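The values are calculated or read from the model by the stated rules, or taken from the named source; none is laboratory data. Please read all numbers here as calculations on a predicted model, not as lab measurements. Cβ placement follows ideal geometry from the backbone for every residue including glycine, while neighbour counts extend to all protein chains displayed. All accessible areas refer to the heavy atoms of the entire protein, side chains included, with ligands and DNA or RNA removed. Shrake-Rupley method; radii C 1.70, N 1.55, O 1.52, S 1.80 Å.
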Amino acid sequence: MKRVIVFGATGNLGAYISMHLKEQGYDVIAIGGRKDDHGFFAKHGMRYFSVDIRKPASFDILPIDGIDAVCHFASSLPSRYAFDPVELIESITIGTLNVLNWMVKCGCKKIVFPQTPSDMAKYHNNGSVIPEDAQRHFPLTGDHAIYTIAKNAAVDLMEHYRAEYGIAFFALRFFTIYQYHPNAYHYADFKRRMMPFRMLMDRASKGLPIEIWGNCKKAKEMVYIKDFVRLVRQCVDSELQGGCYNVGNGWQVSLENQIKGIIEVFSPKNHPSPIIYRPEMPDPLENAFAMEKTFHDLNWKPKYSYIEQLRDFKHEMETEPMAELWGKKEDYQE
């Protein structure tokens, strides 16, 4: 049985990663910044430790024997918290350095890490397919500039520790991983607002009109959490030395089909949301990843179609399987 440490286990991705690996028979040790997980992980047969990855001494409480892999998904996000450059550098870059030093201490030779797609920003929204191994860069302005600088530095550190200590790293580059969380809000351009896809689901559930702006055929990656955790598992099991890997489907969903799918799944059957086309408005974002390397090296393909993603999302919205850990949607309403 492989023993896997999941840093950031109380977060959006880390919780699902922990649960999936446990369900697949791994010995999972969950690590979070929260002092109290409300007994969630113990209920599911996992040990939980509270660790501040910015502080090396905080790691002293962790077991160090037989750790086969680390899934390092702990850091601050500009989309979830008010913008603080120092916090981003400390939690992402310094935190990753501390995780790597702890791995050297315990002899762990593999790390899985979430990389931002903003390290390929010049390929975004212009019809380009985002490559897998082009030279990394960062946007010079905006709320993702320092975030990307911090992420790139973390990947640089992992490349160094691979060369120096033989630690394989898998840096997974992705846009939004779609999943249900009771908190429907995030920060965009430094302001708190409802996430666009959650706003569309909310309008559809009420049968309200939904506008489609710009070129409705422009499409983007729509990766679902239950496919993503399978990819993380493939990284944990891989014998390769890793590198940077894109996380996409090999197909994209147009804005028009995104909206039609949301209406099909979330609108009342007797009162579906009408669609209003606004081609004179700004175009939506578009993106597409080159996926050959990920498909080949990690033997992974997504299983969920877009409609299946939405149906499962709605089911989790109704059942709230992480309520003991995250609370319920009522806890986040303004």
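Which residues, taken from region 65-88, are surrounded by fewer than 14 Cβ atoms within 10 Å (Cβ to Cβ) and modelled with pLDDT of 85 or more?
Answer for region 65-88, where residues must be surrounded by fewer than 14 Cβ atoms within 10 Å (Cβ to Cβ) and modelled with pLDDT of 85 or more: ASP65, GLY66, PRO85, VAL86.
For LYS217, work out the one condition from (1) basic (Lys, Arg); (2) within 19 Å of LYS329 (Cβ to Cβ); (3) open to solvent by 70 Å² or more (accessible area, probe 1.4 Å) it doesn't fulfil.
Just one mismatch for LYS217, condition (2).
For residues in region 159-178 being more than 18 Å from ILE17 (Cβ to Cβ) and not β-branched (Val, Ile, Thr), which is least open to solvent (accessible area, probe 1.4 Å)?
Filtering first and then ranking leaves TYR161.
With respect to SER50, determine if the residue is more than 27 Å from TYR224 (Cβ to Cβ), among the hydroxyl-bearing types (Ser, Thr, Tyr) and at pLDDT 95 or above.
In short, yes.
Please identify the pairs in which a residue from region 69-93 that is among the aromatic types (Phe, Trp, Tyr) has its Cβ atom under 9 Å from the Cβ atom of a residue that is modelled with pLDDT of 90 or more and assigned to a loop (DSSP other than H, G, I, E, B), counting only partners at least 6 apart or on another chain.
PHE73/GLY8; PHE73/ALA9; PHE73/GLY11
Counting only residues that are of a type in the set (Phe, Trp, Tyr) and assigned to a loop (DSSP other than H, G, I, E, B), how many does region 169-203 have?
Matching residues across region 169-203 total 4.
Name every residue in region 20-34 that is open to solvent by 30 Å² or more (accessible area, probe 1.4 Å) and either among the basic types (Lys, Arg) or in contact (Cβ under 8 Å) with a residue 40 or more places away in the chain (or both), in order of residue number.
LYS22, GLN24, GLY33, ARG34
Quick test of your reading of the structure: GLY250 fulfils all but one of (1) open to solvent by less than 20 Å² (accessible area, probe 1.4 Å); (2) at positive phi. Name the failing condition by number.
Of (1) open to solvent by less than 20 Å² (accessible area, probe 1.4 Å); (2) at positive phi, only one is false for GLY250: (1).
Which condition does ALA188 not pass, out of (1) modelled with pLDDT under 95; (2) loosely packed, with under 14 Cβ neighbours inside 10 Å, if it passes all the others?
(2)
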